[in-house]
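Inspection log for the structure reproduced underneath, given as structure tokens.
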Amino acid sequence: MSSRPTSKFYQSVVFRLTLWYAAIFIVISIIAFVAFYMSLEKNLNKRSRTFLQDKVEEFSKLVMAGKAGMLNDEFRRETQSIGVNNVYYSFLDAGGRTLISSNSLHWANLKPNKDLIRMAVRDKKPMFEVVKLPHFRHKVRIIYDSVGSGKILLIAMGLKYEENLLYGMQIIFTRVMLLILCLSILGSWWILTRAMSRVSTVTNTAMSISSKTLDRRVPVSSRADEIDRLAEAFNNMLARIRTLINALKDVTDNIAHDLKTPITRIRLIAESRVSNGEENTNIAPSEYQELSGAIIEECDKLIGMINSSLELRALEYDRGIVNRNLSRINLSEMLHQACDIFQPVAEDNEITITLDVDSEVECFIRADKDLLQRAFANIIDNAIKYTASGGMVRVVLKRKGDSFVVEISDNGAGISQESLPHIFEKFYRGDLSRSACGSGLGLALTKSIIEAHRGSVSVESQEGKGTKFTVVLSA
Ligand code: ADP
């Protein structure tokens, strides 16, 4: 028996499923984080734009009220409260020249964007830009909005808070994800190892089973889950294998028994002639003929048995053979011929054969003539074989709806209730029939032939009273 080498750790289902879980988890987490990050970024942008717009509105009120001169003080006050490095205010003319500004050296590199100034004046709506200034760690958001007669308010604000918040989110997400990833790998590893340990139990049981330990079974828990169903299926398979092995043993025993009898007889015949020959060298030719005849008879029995076995196998595994030889046959004529063939044997045994056919009925069916003849011959042969002298065998053919029913009954020995369920099995022979000639294959072959014609065969019997076989074939 060959067995595969134990699979490596990285080939195990547990390892692969854990990897899959971890990969799925990472993908889902990244998608969730990206969605959250984008929505946070959008809200922060909106917040800073709203702040800048509010400030512009506040200062534009002063300009509209003709108090532009107060802007200088206002700008200084605002920058002191928010932080000189965080915000910058400037009042410009339409050409971008600074009129008033919070005038911080820190913002000296900020050059107003003339295109945006032009667009703000033209469209009368605020224009935004985000720029990176030299010496600034964070980016800067700038608003340009026109106030009154072609003047522009410029406010620039460092995006330190927003960028720090988003960066902090990235750090937190990375750490939390690493932690949860480790936990999920450990968790799924633990769950899968537990689940798979029950599969290992099935595997170990399977590996420990040999033909001598077929009684072993895999333990089934009360959970009734997939693993329990697998264990149950495995146990059922073991039970079926056991039944098959027992049946195989029976068949082997029966074959051995049935081959032994004719071969022993051939040997005895030959042996008796050899010892007779030693004593008397003048053996008459008629005696040789008798000897050969007896040996031929035993050989015929053996060949018959082997042929029946082969035909049975062919019928069981290659049902197509029936379809190749189909022809339209007259069932009534076939039964007449069968009864005629058995008439001499029946007469020898003082048994009456009668055939009762409903003459009104047309009895044509499509069938394999040779096989069907064989099936009926087996039943009639048995009826004669197991009926004592003075008995009778009756064959009846009638039509029932779309089917033909053939009943073959006798008033012979009958079949015991213990034997009745087994008589269609291969090599089964009833106790009484061990003395009669036969192989135990006749009825198995008959059943296969009838079923290959999509028909059915059944039996009723009472020990000591007789037996009735009923064959039903579709018209
Ligand atoms: P066999 O070669 O022994 O006749 P079969 O397969 O034809 O084998 O039949 C199987 C068994 O069924 C027989 O051994 C016999 O015990 C029983 N049997 C079949 N037909 C009859 C019958 N008409 N009367 C009594 N027993 C029968």
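The values are calculated or read from the model by the stated rules, or taken from the named source; none is laboratory data. In this text, all values refer to a predicted model and were calculated from it rather than measured experimentally. Don't worry about glycine lacking a Cβ; one is built from the backbone with ideal geometry, like all the others, and counts go over all protein chains shown.
Per-structure values
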read-out: Residue match in the range 393-400 (condition: surrounded by 19 or more Cβ atoms within 10 Å (Cβ to Cβ), within 11 Å of the ligand (Cβ to nearest atom) and not in a strand (DSSP E or B)); value: no
read-out: Answer residue from the range 419-475, given it is away from the ligand (no atom under 11 Å from the Cβ) and in a loop (DSSP other than H, G, I, E, B) and is modelled with the highest pLDDT among those; value: Gly455
read-out: Any hit, the range 361-369, residues being assigned to a helix (DSSP H, G or I) and near the ligand (Cβ under 8 Å from one of its atoms); value: no
read-out: Residue that is farthest from the chain's Cα centre (by Cα) [pool: residues in the range 382-392 that are more than 8 Å from the ligand (Cβ to nearest atom) and not in a loop (DSSP other than H, G, I, E, B)]; value: Met392
read-out: Of all residues making up the range 285-339, the number that are modelled with pLDDT of 75 or more, in a helix (DSSP H, G or I), of a type in the set (D, E, K, R) and more than 40 Å from the chain's Cα centre (by Cα); value: 6
read-out: Members of the range 452-470 found to be buried (at least 21 other Cβ atoms within 10 Å of the Cβ) and in contact with a Gly (Cβ under 6 Å, 6 or more places away or on another chain), listed by number; value: Ser461, Gly466, Thr467
read-out: Condition met for Asp356 (more than 16 Å from the ligand (Cβ to nearest atom), closer than 25 Å to Arg454 by Cα and in contact with a strand residue (DSSP E or B) (Cβ under 6 Å, 6 or more places away or on another chain)); value: yes
read-out: Test: residue in the range 402-418 that is modelled with pLDDT under 90, more than 13 Å from the ligand (Cβ to nearest atom) and in a loop (DSSP other than H, G, I, E, B); value: yes
read-out: Pairs with Cβ under 8 Å, 6+ apart, first in the range 238-263 and closer than 15 Å to Ser309 by Cβ, second surrounded by fewer than 15 Cβ atoms within 10 Å (Cβ to Cβ); value: Pro262/Cys299
